[in-house]
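Trainee: Here it is: the structure, laid out below.
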Amino acid sequence: MSSTEHPRTFHVKSFGCQMNVYDGERMAELLTAQGMHAIDAREDADLVVLNTCHIRERATEKVYSDIGRLRREDGTTPLIAVAGCVAQAEGAEIMARAPSVRVVVGPQAYHRLPQMVAAAAAGGRETETDMPAEAKFAALPRRRKSGPTAFLTIQEGCDKFCTYCVVPYTRGAEISRPYADLVDEAHALVDGGAREITLLGQNVNAWTGEDGAGRAVGLAGLAQALAAIPDLARIRYTTSHPADMDDALIEAHASNPKLMPFLHLPVQSGSDRVLKAMNRSHTAQSYLDLIARVRAARPDIALSGDFIVGFPGETEAEFADTLALIDAVGYAQAFSFKYSARPGTPAADMPGHIAADVMDDRLQALQARINRDQLAFNQASLGRRCSVLVERRGRQAGQWLGKSPWLQSVHFTDEVAVGDLVEVDLIEAGPNSLAGRRVG
Ligand code: SAH
Ligand code: SF4
Ligand code: F3S
């Protein structure tokens, strides 16, 4: 492709959180609507969109090495667009450091991607990182095709300003998409084949809106409205903040049968001093009390969390408090990270940065507990009969893979198809998956 030709093929690669996955899908839909074709082989694409993540240092470094790797043997490169949170945070720096990058577009501006690509193909270099209050969503095409599981971003941005985190800077202030738009998009996804929808937001449970009758509703009310879509079988949501977990949402886990028994509720640390330094607005005890209320509403709920080890100043005793909290909760799964200093965040300037080897040891110790509890949770599921939403074929002949209501991977052998919702008995448990037997 010469530099003045409009690209015909594209490849979107998304890093980071599920919201980036959603954005990547929407960008692909936009480019497809322009008559371009998605292809799997990055090196053959005329246009490559790197939809980036800025959450930890390694994530950012990856962008630059990926840009380098896009250089072909003959020295040419595809037209490279950098989107996502690194684009937002370091747009000018990328343009200066990586001459092969022709488009930089932030997470709130990607509805402009087609025009920017056209201008870049005509020889320009384009940057758009404004965070306009008016939503980009209205400018996106209607959803058409969907796999059995779909993401739907309902809320964006974050006002919480945890002291380690870049998200409030890369994604901006909290906004909630309007109720009617979300019900409409959910219908379109279900018409396109979705049986399960995961509602997304940086703080998804902070979503608020007004229903058709003008009444104020929260996430529980939205989930209620979506549950009325007949062919939608399952509703999930992520990521929630403990401070926004209201009574209505807890109660919805008891009363809304389509709301799956799974809650991802990051806690980050079990030490109150560390939590305060993180600006997390909850204590270890208030988090445990909240978990107890959720379990009272839905006793079988699977709990998931996020943890940061080695926050500046974290002592051995404070780390031990985190292990104690893990023991008290009994997570079904969790994500854990070594603290990574992010430029411009308050924690980056705090004293007491922890040595790398100490962080490694703490991460290992924490992950050992999580793995132990994950296996225990899976083993405790043995003998349960549950639904499995079939997502894809397994490695062995005749084998299929899907998810249980508790978000466990389940494999079984039978004649089914992707998108089927089948009943299975859980008969074998490993740390990362279970074997099932189809009922009937
Ligand atoms: N909005 C969500 C998720 C934010 S990012 C929430 O509040 O929970 C996902 C996870 O990345 C966070 O929960 C946190 O555990 C981790 N994280 C964020 N910033 C980090 C940093 N600077 N270093 C290490 N981990 C970080
Ligand atoms: Fe980051 Fe905290 Fe906001 Fe989550 S709640 S996105 S960790 S600032
Ligand atoms: Fe990463 Fe941005 Fe998501 S920093 S985790 S892609 S909100």
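Trainee: For residue 173 and residue 119, FRET efficiency with R0 = 30 Å and r from the beta-carbon atoms, rounded to 0.05?
Mentor: Working: r = 29 Å, r/R0 = 0.96.
Step by step, r from the Cβ atoms, then E = 0.55.
Trainee: Starting from the amide H of residue 9, placed 1.01 Å from N in the peptide plane, find each other amide H under 5 Å away whose residue is 5 or more places distant or on another chain.
Mentor: Under 5 Å from the amide H of residue 9: 37, 46, 47.
Trainee: Give me the net charge of residue 252's neighbourhood, meaning all other residues with Cβ under 13 Å from the Cβ of residue 252; Lys, Arg count +1, Asp, Glu -1.
Mentor: Values: positive: 236, 258, 293, 298; negative: 246, 247, 251.
Neighbour charge sum, excluding residue 252 itself: +1.
Trainee: Measure out, as a whole number of angstrom, how far apart the alpha-carbon centroids of the range 114-147 and the range 388-404 sit.
Mentor: 35
Trainee: ³J(HN,Hα) across the range 429-439 via Karplus (A = 6.51, B = -1.76, C = 1.60, θ = phi - 60°), whole Hz, x for Gly/Pro?
Mentor: After applying 6.51 cos²θ - 1.76 cosθ + 1.60, I find 10, x, x, 10, 7, 10, 9, x, 10, 4, 8 Hz.
Trainee: Residue by residue through the range 408-422, which ³J(HN,Hα) values in whole Hz follow from phi under the Karplus form 6.51 cos²θ - 1.76 cosθ + 1.60 (θ = phi - 60°), with glycine and proline marked x?
Mentor: After applying 6.51 cos²θ - 1.76 cosθ + 1.60, I find 7, 6, 10, 10, 7, 10, 5, 8, 9, 9, 4, x, 6, 10, 10 Hz.
Trainee: Using only protein heavy atoms and a 1.4 Å probe, report how much of residue 338 is accessible, in Å² to the nearest 10.
Mentor: Here the residue's solvent-accessible area equals roughly 80 Å².
Trainee: State the extension gain, in nm to one decimal, for the chain segment bounded by residue 228 and residue 57, taking 0.36 nm per residue of separation less the distance between their alpha-carbons.
Mentor: Full extension from residue 228 to residue 57 adds 57.3 nm.
Trainee: So, one more: So what's the back-of-envelope 222 nm ellipticity for the chain, counting only DSSP H runs of four-plus at -39500 (n - 2.57) apiece and dividing by all residues, rounded to 500? Mind dumping the intermediate values first?
Mentor: Details: 12 runs with 146 residues, N = 440.
After summing the helix terms and dividing by residue count, I get -10500 deg cm²/dmol.
Trainee: Further, regarding this structure: Given R₀ = 22 Å, what would the calculated FRET efficiency be for residue 276 paired with residue 247, taking r from the Cβ atoms and rounding to 0.05? Don't skip to the end; give the middle numbers.
Mentor: Details: r = 25 Å, r/R0 = 1.15.
Efficiency, rounded to the nearest 0.05: 0.30.
Trainee: Something else: Looking only at Cβ-Cβ distances, which cysteines of the chain have no other cysteine closer than 4.7 Å?
Mentor: So, 17, 53, 85, 158, 386.
Trainee: Just by accessible area at a 1.4 angstrom probe, what is the order of 353, 11 from largest to smallest?
Mentor: Details: 353 90, 11 30 Å².
Ranking 353, 11 by accessible area, largest first, yields 353, 11.
Trainee: Here's another thing I want to ask about it. Students often get this wrong, so check it: of 62/160; 62/145; 62/338; 276/338, which have C-alpha atoms separated by over 25 Å?
Mentor: Values: 62/160 27 Å; 62/145 31 Å; 62/338 17 Å; 276/338 18 Å.
Pairs exceeding 25 Å: 62/160; 62/145.
Trainee: Multiply the residue separation of residue 437 and residue 65 by 0.36 nm, subtract the distance between their alpha-carbon atoms, and state the gained length in nm to one decimal.
Mentor: This chain segment gains 129.5 nm when fully extended.
Trainee: Highest mean first, how do 218-225, 359-366 rank when packing is the count of other Cβ atoms within 10 Å averaged over residues? Write down the numbers at each step before the final one.
Mentor: Numbers: 218-225: 21.2, 359-366: 16.8.
Highest-to-lowest ranking by the protection proxy: 218-225, 359-366.
Trainee: Highest mean first, how do 91-103, 186-198 rank when packing is the count of other Cβ atoms within 10 Å averaged over residues? Please report the intermediate quantities before stating the final value.
Mentor: On the way: 91-103: 16.7, 186-198: 20.6.
Taking the mean over residues of other Cβ atoms within 10 Å, the ranking is 186-198, 91-103.
Trainee: What FRET efficiency comes out for residue 399 versus residue 358 if R0 is 51 angstrom and r is the Cβ-Cβ distance? Round to the nearest 0.05. Working shown, then result.
Mentor: Details: r = 43 Å, r/R0 = 0.84.
Taking R0 as 51 Å, the efficiency between residue 399 and residue 358 is 0.75.
Trainee: Would you mind computing, in nm to one decimal, how far apart the modelled labels at residue 288 and residue 44 are, each placed 7 Å from Cα along Cα→Cβ?
Mentor: 5.7
Trainee: Now for a separate question. Cα centroid distance between the range 1-52 and the range 284-317, in Å?
Mentor: 38
Trainee: How are the Cα pair distances of the chain distributed, in percent, across 20 Å bins from 0?
Mentor: Bins of 20 Å from zero give 23, 56, 21, 0 percent of pairs.
Trainee: Apply the Karplus curve 6.51 cos²θ - 1.76 cosθ + 1.60, θ = phi - 60°, to the phi angles in the range 391-403 and return the couplings in whole Hz, x for Gly and Pro.
Mentor: 9, 6, 6, x, 6, 8, 4, x, 8, 10, 10, x, 10
Trainee: Hey, another quick one. Assuming a ≥ b ≥ c are the square roots of the Cα gyration tensor eigenvalues, decide whether the range 149-380 counts as rounded (a/c under 1.5), prolate (otherwise, with a/b larger than b/c) or oblate.
Mentor: Values: a/c = 2.16, a/b = 1.57, b/c = 1.37.
Verdict is prolate for the range 149-380.
The values are calculated or read from the model by the stated rules, or taken from the named source; none is laboratory data. Here the structure is a predicted model, which is why all the values come from computation and not from measurement. For neighbour counting, all protein chains shown are included, and Cβ atoms are generated from backbone atoms with ideal geometry for every residue, glycine included. For the accessible areas, the whole protein counts, side chains as well, though only heavy atoms, and no ligand, DNA or RNA atoms are used. Shrake-Rupley method; radii C 1.70, N 1.55, O 1.52, S 1.80 Å.
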